[in-house]
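Working notes, beginning with the structure itself.
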Amino acid sequence: MSNHQHDKTILITGATGYIGRRLVHRLLAGDRYRLRLFVRNSRKVMASVADRVEIHEGAIGDVDALEQALSGVDTAFYLIHSMGSGHDYRELDRAAAETFRRACIAAGVLRIVYLGGLGVKDSASEHLLSRIETGEVLSAEPEKIRTIWLRAGVIVGSGSASFEIVRNLCQKLPLMLTPRWVRTKTEAIGIEDVLSYLEQSIELECGENLVVDVGSGAITFQGMMSGAAEVMGLRRRLIPVPVLSPRLSSYWLILFTPVPYRIASALVEGLKSETVRANDNAARFYPDIEPVSYRDSVAHALRELERDQILSRWCDSSSGEACDIKDFEDPAGAVLRDTRYVAYAGGRTQDQVFQSVCSLGGENGWFRYNFLWRLRGAIDKLSGGYGLSRGRRDSDELRIGDALDFWKVADIKPGKRLLLYAQMKLPGQAWLEFDVQAEQLVQTAHFIPHGILGRLYWYAVLPIHHLVFSNLAKTLVNQAQENRGESPGD
Ligand SMILES: NC(=O)c1ccc[n+]([C@@H]2O[C@H](COP(=O)([O-])OP(=O)(O)OC[C@H]3O[C@@H](n4cnc5c(N)ncnc54)[C@H](OP(=O)(O)O)[C@@H]3O)[C@@H](O)[C@H]2O)c1
């Protein structure tokens, strides 16, 4: 941790999510506060961050862990939602917010800062309703704790879900049929401005609870599409159609963009009614923040993408099902396995082989049988999974929790082990493990089948596994040979 004297202790929940990760970096850069992170899995915090913060592990319902994390805290950021946790997520979100507010009051926390979504209750989608209810629960005892509730519409930043949807549609489709919801007004705001509002909320002087609607001006999804196309130098034609049901629109989005149905339908449902600012508290209470225009925030996000500087992505957070899995980081319970051993010599080092393993997927692809991986990705996408479209956050670096095509990084031991957990639609649970030993690479596909169907699946794909996995292990080792000249240790 830094040696500076810090007079305030700040707790950030959701610190491994899209907003949370970026807020942590922003506050660390300012070096004004003692930072404490409350996370479900401390290994998801990057080593460079972990050295400079205090980490408390726990889920929001874990009252003991929460009480400990909140002790001595001045301001607590609430950047959590349970949308990936199944149908009862609204109920879960209400209960979590209630637990959090009570724990904050008991610990003597002075202020809660929450970021939710814009919208009014009467016409809000299920997701927005849950965001509004969370804000109401957090603000429910103003006499005991102050709450600053920021409300944003579409957040534009590299890796944000809405930006990825707009970018992919613009890049892939020269002509688009546009249903009615694309002409509904919403508000867009750049991620850097959102972070400024969050940061300034720590010191903001306000005598009562505050709801602050933020944005850079009303815009429609159609406006976002044409604005982004212009920034990218693309000519795109948008043809209005009177009908295209929200469900069909969502399927359309999942085919052409990396987001799954859950997120696509939340966006479409959210845009069925207007979500614009309802107060001018942003200008009144944060006069020195002037949000950049939509086009500038798109340009900024594109620059980050080009430079491979994506701090966080919409898919960083573990989906509910992945989190609920016991021993997610340990495939020891697998009953079916495919193991490949490839010895390496010829001057290759363990680090070079590990580096080769860590460059898998995304734009780097899956080698000779890439077309089979792509076919599997297409099948996954059509069955409602992620497919390969999430790619990777960074072309060289991986961290625990990163999405990598249809995998999630479950464990990394630098120079030694990479464990990927399968998030594709499967009749079972699967992992792909790379164990880089002193003289050989051991690559194992682990599978826990769900019933007969799971076993049938495994045996049906055995011939394909044989081709794909043996080529994968060999090519990873050979590629380490090619990279030899570039390695600093060489
Ligand atoms: N991103 C946007 O475009 C956007 C736009 C408007 C408003 N917002 C608001 O900003 C807030 C943060 O959103 P986000 O996009 O950063 O979400 P996100 O990327 O999905 O991250 C959610 C975070 O919450 C954590 N979490 C979920 N359930 C938890 C639990 N029971 N206990 C402890 N931690 C839990 C997750 O931990 P794991 O990593 O362990 O899963 C993750 O760190 C939300 O209130 C959202 O409504 C976001």
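Brief remarks follow.
- ASP213 being closer than 20 Å to LEU23 by Cβ, at pLDDT 95 or above and within 21 Å of the chain's Cα centre (by Cα): no
- TYR18 being touching a residue at least 40 places away in the same chain (Cβ under 8 Å), under 20 Å from LEU198 (Cα atoms) and near the ligand (Cβ under 10 Å from one of its atoms): yes
- Among the residues of region 52-77, those identified as β-branched (Val, Ile, Thr), surrounded by 15 or more Cβ atoms within 10 Å (Cβ to Cβ) and touching a residue at least 40 places away in the same chain (Cβ under 8 Å) are VAL53, ILE60, VAL73, THR75.
- Qualifying residue in region 39-47 (condition: in contact with a Gly (Cβ under 8 Å, 6 or more places away or on another chain) and over 26 Å from LEU311 (Cβ atoms)): no
- Every condition in (1) more than 10 Å from the ligand (Cβ to nearest atom); (2) under 15 Å from the mean Cα position of the chain (by Cα); (3) not hydroxyl-bearing (Ser, Thr, Tyr) holds for ARG26 except the one numbered (2).
- Helices (runs of 4 or more DSSP H) fully within region 297-398 that include at least 3 residues being surrounded by fewer than 18 Cβ atoms within 10 Å (Cβ to Cβ) and in contact (Cβ under 8 Å) with a residue 60 or more places away in the chain: 320-324.
- Yes/no for ARG43 being away from the ligand (no atom under 11 Å from the Cβ), surrounded by 15 or more Cβ atoms within 10 Å (Cβ to Cβ) and basic (Lys, Arg): no
- Looking only at region 235-259, residues that are touching a Cys at 6+ places or on another chain (Cβ under 9 Å) and either under 26 Å from ASP380 (Cα atoms) or of a type in the set (Ser, Thr, Tyr) (or both) come to 2 in all.
- Qualifying residue in region 434-452 (condition: closer than 24 Å to GLY347 by Cα, aliphatic (A, V, I, L, M) and part of a helix (DSSP H, G or I)): no
- Among the residues of region 46-59, those that are more than 12 Å from the ligand (Cβ to nearest atom) and part of a loop (DSSP other than H, G, I, E, B) comprise MET46, ASP51, ARG52, VAL53.
- Reported count of residues in region 98-128, each being part of a helix (DSSP H, G or I) and either in contact (Cβ under 8 Å) with a residue 60 or more places away in the chain or within 10 Å of the ligand (Cβ to nearest atom) (or both), is 6.
- Check on ILE19, within 25 Å of ALA106 (Cα to Cα) and within 21 Å of the chain's Cα centre (by Cα): no
- Test for GLN443: is it open to solvent by less than 30 Å² (accessible area, probe 1.4 Å) and either at positive phi or at pLDDT 90 or above (or both): yes
- ALA29 passes every criterion in (1) surrounded by fewer than 15 Cβ atoms within 10 Å (Cβ to Cβ); (2) assigned to a loop (DSSP other than H, G, I, E, B) apart from (2).
- Within region 60-79, the residues that satisfy the criterion of being in a helix (DSSP H, G or I) and either within 9 Å of the ligand (Cβ to nearest atom) or among the aliphatic types (A, V, I, L, M) (or both) are VAL63, ALA65, LEU66, ALA69, LEU70.
- Selection within region 129-187 - open to solvent by less than 20 Å² (accessible area, probe 1.4 Å), at pLDDT 95 or above and more than 16 Å from the ligand (Cβ to nearest atom): ILE145
- Taking region 80-97 as the range and being within 12 Å of the ligand (Cβ to nearest atom) and assigned to a helix (DSSP H, G or I) as the test, the residues that pass are MET83, GLY84, SER85, TYR89, LEU92, ASP93, ALA95, ALA96, ALA97.
The values are calculated or read from the model by the stated rules, or taken from the named source; none is laboratory data. Bear in mind that the values here come from a model prediction, so they are computed numbers and not experimental data. Note that each Cβ is placed from the backbone with ideal geometry, even for glycine, and that neighbours are counted across all protein chains shown. These accessible areas exclude ligands, DNA and RNA; they are computed on the full protein's heavy atoms, side chains included. Shrake-Rupley method; radii C 1.70, N 1.55, O 1.52, S 1.80 Å.
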